[in-house]
Amino acid sequence: MAGDENWVDVGATEELSKAPLKRITAMNRELAISVKDGKFGVVSNTCNHVGGPLGEGRLDGDYIVCPWHNWKFHRCTGLGEPGYEEDHVPAYPVKVEGGRVLVNVAAASKRGKKPHDPHPLSRNIARAPGPLRLAGISTSAMDEANPRFSGSDHLLNHAMKSCMAHGAESRLIRLSALKFRNCEGYYSKAARACTWPCSITQMDADDQMDQVYEALVHWADVIIVASPIRWGAASSLYFKMAERLNCVQNAVTINNKVLIRNKVAGFIIVGGQDNIQGVAGQMLGFFAELGFIFPQFPYIAHSRGWSHEDMEHNVAIVRDSKELAEGADMLTKRCLDLAAHLIARDEAPVSIERGGRKAHTLHT
Ligand code: FES
């Protein structure tokens, strides 16, 4: 019969009935085959969003849930879930004959993409004219309703105040005042599942990490990140933020797109105990991978060492130290001067073939 060659045998009914959803290949096409109540469905394996493998997802009733960001498509018709039917993936005719499952690979329905408004963060990155801009990032965890004195915040405040004296604008972001989700490991599913803007930010309008992204990627020329030392490391909020910034670095890895250009980072590190150099090393390494540039002497720090458990004295030293306050001011100036220089020259690359982890071939 004409067209019979298009019906491809993809396997035994019995075998394909063992898993409710599976990824298969037929005539070079990647397909997601599902079975429910004895009825097979076959759709394209490629999700409309950013190409997640639908056959590796799960079934929710008659809908396939994409394993990357949970978009849903009907397992037989390919239509998006109710309200999103315009978003549909190709669906293939399927039949069972003689205990075999056959798919017509030439008669798929068309893919359709419902237009989605781009997320505001995905706009083109272009520095708006105006004075230099510094974002201070406080990573000290505290009860915002009953604030306490924080040495790292204190020095950050000095840095912010000195901005004005240097003719720059400033914006303070206190991570402890933001509600934002932990990184949920989209990158661990697949490099391409970790998107810019962050997958969580795109899916959850209540997640406030967008304020950090907006400041770092679009608004600021300089960031100063202030952290206490907690058990020899930066604060837990610092790491919570850092994990969510993976998408900024990953834009370089998977799309060769440098989001951070001509921007400078400085650090303030304050602890009752030691390991300043270890904390600074982590911060410098991480922000270098994002694309930030550092001034000479990119951090100021204070600690009194392992034997000083009298934290109230440590706090008093930081609060009363004129030298540390001056140090914060001078760090700000070094950062702003370097930023002015970088902006004037505008030489930072917009893409980078062999930078950071991309020094060798990557398999994404
Ligand atoms: S939901 Fe499928 S790739 Fe994002």
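Read-outs throughout are calculated quantities, based only on the coordinates presented, and are distinct from any laboratory measurement. All values derive from a computational prediction rather than experimental measurement. Positions of Cβ are backbone-derived with ideal geometry, glycine not excepted, and every protein chain shown enters the neighbour counts.
Per the helix-only calculation at 222 nm, which mean residue ellipticity applies to the chain, given -39500 (n - 2.57) for every DSSP H run of n ≥ 4 and division by its residues, nearest 500 deg cm²/dmol? Could you put the intermediate results ahead of the total?
On the way: 10 runs with 100 residues, N = 364.
Mean residue ellipticity at 222 nm (helix-derived): -8000 deg cm²/dmol.
Give the dimensionless ratio obtained when the Cα radius of gyration of region 7-104 is divided by 2.2 N^0.38 Å.
On the way: Rg = 12.3 Å, N = 98, 2.2 N^0.38 = 12.6 Å.
Cα Rg divided by the expected 2.2 N^0.38 Å: 0.98.
Just list whichever of K189/K257; K114/K179; K72/K257; K18/K39 have alpha carbons separated by over 19 Å in the model shown.
Details: K189/K257 21 Å; K114/K179 30 Å; K72/K257 29 Å; K18/K39 13 Å.
Among K189/K257; K114/K179; K72/K257; K18/K39, the Cα-Cα distance tops 19 Å for K189/K257; K114/K179; K72/K257.
From the phi of every residue in region 250-260, what ³J(HN,Hα) in whole Hz does the Karplus formula 6.51 cos²θ - 1.76 cosθ + 1.60 yield, where θ is phi - 60° and glycine or proline is x?
Result, rounded to whole Hz: 5, 4, 6, 4, 9, 10, 6, 10, 8, 7, 9.
Please list, or write none, the aspartates and glutamates whose alpha carbon is within less than 16 Å of the alpha carbon of K22, excluding same-chain residues fewer than 8 places away.
D9, E14, E30, D37, E56, D60, D62
Normalised by the number of residues in the chain, what is the relative contact order in percent for Cα pairs under 8 Å and 6+ residues apart? It would help to have the intermediate numbers written out before the result.
Values: 699 pairs, mean separation 48.5, N = 364.
Dividing the mean separation by the residue count of the chain yields 13 percent.
With the radius of gyration and the Kirkwood radius both derived from the Cα set of the chain, what is their ratio Rg to Rh?
Here the Rg-to-Rh quotient is 1.12.
Starting from the eigenvalues of the Cα gyration tensor, five times each then square-rooted, give me the equivalent ellipsoid semi-axes of region 65-125, largest first, whole Å. Don't jump to the answer; show the numbers that get you there.
Values: eigenvalues 201, 28, 22 Å².
Three semi-axes, in Å: 32, 12, 11.
Starting from the amide H of I293, placed 1.01 Å from N in the peptide plane, find each other amide H under 5 Å away whose residue is 5 or more places distant or on another chain.
Under 5 Å from the amide H of I293 lie the amide H atoms of K263, V264, A265, each far enough along the sequence or on another chain.
Longest span of the chain, sites excluded, free of chymotrypsin sites (Phe, Trp or Tyr not before Pro) in DSSP loop with at most 16 other C-beta atoms within 10 Å?
Details: sites that count: Y84, F149, W231, W306.
The reported range is 1-83.
Using the Karplus curve 6.51 cos²θ - 1.76 cosθ + 1.60 with θ = phi - 60°, what ³J(HN,Hα) values do you get for each residue of region 127-144, in whole Hz, with x for Gly and Pro?
With the stated coefficients, region 127-144 comes to 5, 6, x, x, x, 4, 10, 10, 9, x, 10, 8, 10, 6, 7, 7, 6, 4 Hz.
With loop defined by DSSP as not H, G, I, E or B, and exposure as at most 13 other Cβ atoms within 10 Å, which is the longest segment of the chain clear of exposed trypsin sites (Lys or Arg not before Pro)?
180-353
Distances over 26 Å make up what percent of all Cα-Cα pairs in region 106-243? Walk me through the numbers on the way to the answer.
Numbers: 3414 of 9453 pairs.
Pairs farther apart than 26 Å: 36 percent.
At a Cα cut-off below 17 Å, give the aspartates and glutamates reachable from K161, other chains included and same-chain residues fewer than 8 away excluded.
Hits, sequence-local ones excluded: D153, E169, D221, D320, E323, E326, D329, D337.
Output ³J(HN,Hα) for region 11-16: one whole-Hz value per residue in order, computed from phi by the Karplus curve 6.51 cos²θ - 1.76 cosθ + 1.60 with θ = phi - 60°, and x for Gly and Pro.
x, 6, 3, 4, 5, 6
If one takes the longest principal axis of the Cα atoms in the chain, at what angle in degrees, from 0 to 90 and to the nearest 10, does the Cα axis of helix 151-165 lie?
Once rounded, one gets 80 degrees.
What's the exposure ranking of L362, L121, L245, L331, going from fewest to most Cβ atoms within 10 Å? Please report the intermediate quantities before stating the final value.
Working: L362 10, L121 18, L245 21, L331 24.
Lowest to highest Cβ neighbour count: L362, L121, L245, L331.
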